[in-house]
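The values are calculated or read from the model by the stated rules, or taken from the named source; none is laboratory data. Everything numeric in this text was worked out from a predicted model, so none of it was measured. Glycine also receives a Cβ, built like all others from the backbone with ideal geometry; neighbour counts cover every protein chain displayed. Just the protein is used for accessible areas: all its heavy atoms, side chains included, with ligands, DNA and RNA removed. Shrake-Rupley method; radii C 1.70, N 1.55, O 1.52, S 1.80 Å.
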Amino acid sequence: MCPRIYGVALLLGISLSGAAGAEDLLSPAKREIAMQLVSSAENSSLDWRKQYAYIEDIDDGRGYTAGLIGFTSANGDMLDVVERYTSFVPSNRLAEYLPALRKLAENNDDSHEGLEPDFTQNWKAAAEDEQFRAAQDRVLDEQYLAPAVKQAKADGLGILGQFIYYDALVMHGPGNQREAFGGIRSAALRSTMPPAEGGNEKAWLSAFLDERVKIMREEKAHEETSRVNLEQRRFLEEGNYSLSPPLRWRTNDEDFVIER
């Protein structure tokens, strides 16, 4: 559901293998929590592994939305997934759609041109292949999770802040447009400063979430704000900056818990 960003990990100087030191959102246990939290908001389920096969057009101007975090055909990260999968398995069942996916991404086209009638069926079938699941994992980590952790650390934030940034990147995408992650962060900077610049962590994250909610309420597909107001703000009010279980929250009119 986010705009395409080629080579973002390289551009930002991110080394995923370098995340093995102090615990952060890239650590296996915290990444698992992050995946469950996002899945609760996106899919009303903690079982995020079922989402590899998910695909539908949710009529939000982004074409097909699919996979773990809603990779989209119009904005290009779906293309990135299929390209990565094809680098692993050249003869895979989705490779034939690469020309169509490139054209859709280049034109930010939300149509299904070149994908009908069997693309959704083939996506779901591909999800049975561990290499396809690995391709989704790689794109997710490189384009969304690792950049969120890097920016959050630069801002002096702990694991909760890293997750707040990650969830915003997943929904709003990278970039400096008003409605993108960079625009939301810039808006927050007009009222306060992150800890790395002398600000208070709670005040900074509150301001960031305030600005994010403003953007969410402007878009019909994102106007449901419980993932912010009943989840992330709850953890913030509890002072759970390490995002440590037990975690209890409510989103989409459902209650969730991670006990450990």
Could you pull out the residue among N122, N75 that is closer than 21 Å to Q51 by Cβ, open to solvent by 10 Å² or more (accessible area, probe 1.4 Å) and in contact with a Cys (Cβ under 7 Å, 6 or more places away or on another chain)? N75
Can you confirm whether A22 is under 25 Å from I258 (Cβ atoms), in a loop (DSSP other than H, G, I, E, B) and out of contact with any helix residue (DSSP H, G or I) (no Cβ under 8 Å at 6 or more places or on another chain)? yes
Among helices (runs of 4 or more DSSP H) entirely within the range 51-151, at least 1 residues that are more than 26 Å from L37 (Cα to Cα) and acidic (D, E) occur in 77-88, 98-106
Mind listing whichever residues of the range 152-178 are of a type in the set (A, V, I, L, M) and in a loop (DSSP other than H, G, I, E, B)? L157
If I filter the range 89-117 down to residues being open to solvent by less than 70 Å² (accessible area, probe 1.4 Å) and out of contact with any Leu (no Cβ under 9 Å at 6 or more places or on another chain), which single residue comes out as nearest to G76 (Cα to Cα)? D109
Among the numbered criteria (1) under 19 Å from D60 (Cα atoms); (2) exposed (fewer than 15 other Cβ atoms within 10 Å of the Cβ); (3) modelled with pLDDT under 95, which one does K214 miss? (3)
Hits in the range 78-88 - residues which are touching a residue at least 60 places away in the same chain (Cβ under 8 Å) and either touching a Leu at 6+ places or on another chain (Cβ under 9 Å) or surrounded by fewer than 18 Cβ atoms within 10 Å (Cβ to Cβ) (or both): L79
List the number of the failed condition for W204; all other conditions in (1) part of a loop (DSSP other than H, G, I, E, B); (2) in contact with a Pro (Cβ under 6 Å, 6 or more places away or on another chain); (3) open to solvent by less than 20 Å² (accessible area, probe 1.4 Å) hold. (1)
Among A221, A196, which is the only one that is part of a helix (DSSP H, G or I), in contact with a Lys or Arg (Cβ under 9 Å, 6 or more places away or on another chain), modelled with pLDDT under 95 and over 24 Å from P28 (Cα atoms)? A221
When the range 25-53 is examined, which residues are found to be of a type in the set (D, E) and either surrounded by 20 or more Cβ atoms within 10 Å (Cβ to Cβ) or at pLDDT below 95 (or both)? E42
All-but-one check, E106 against (1) in contact with a helix residue (DSSP H, G or I) (Cβ under 8 Å, 6 or more places away or on another chain); (2) over 30 Å from N240 (Cα atoms); (3) free of Cβ contacts under 8 Å to residues at least 60 places away in the same chain, failing number (1)
Going through the range 139-192 in order, the residues found to be closer than 18 Å to N240 by Cα and surrounded by fewer than 21 Cβ atoms within 10 Å (Cβ to Cβ) are K153, G156, G158
Within the group L243, L247, which residue is at positive phi, modelled with pLDDT of 95 or more and open to solvent by less than 50 Å² (accessible area, probe 1.4 Å)? L243
Does the range 224-237 contain any residue that is under 18 Å from the mean Cα position of the chain (by Cα), closer than 27 Å to G63 by Cα, free of Cβ contacts under 8 Å to residues at least 40 places away in the same chain and assigned to a loop (DSSP other than H, G, I, E, B)? yes
How many residues are under 18 Å from Y165 (Cβ atoms) and outside any loop (DSSP other than H, G, I, E, B) when one looks only at the range 238-250? 2
Given the structure, is E254 at pLDDT 95 or above, closer than 23 Å to G67 by Cα and surrounded by fewer than 19 Cβ atoms within 10 Å (Cβ to Cβ)? yes
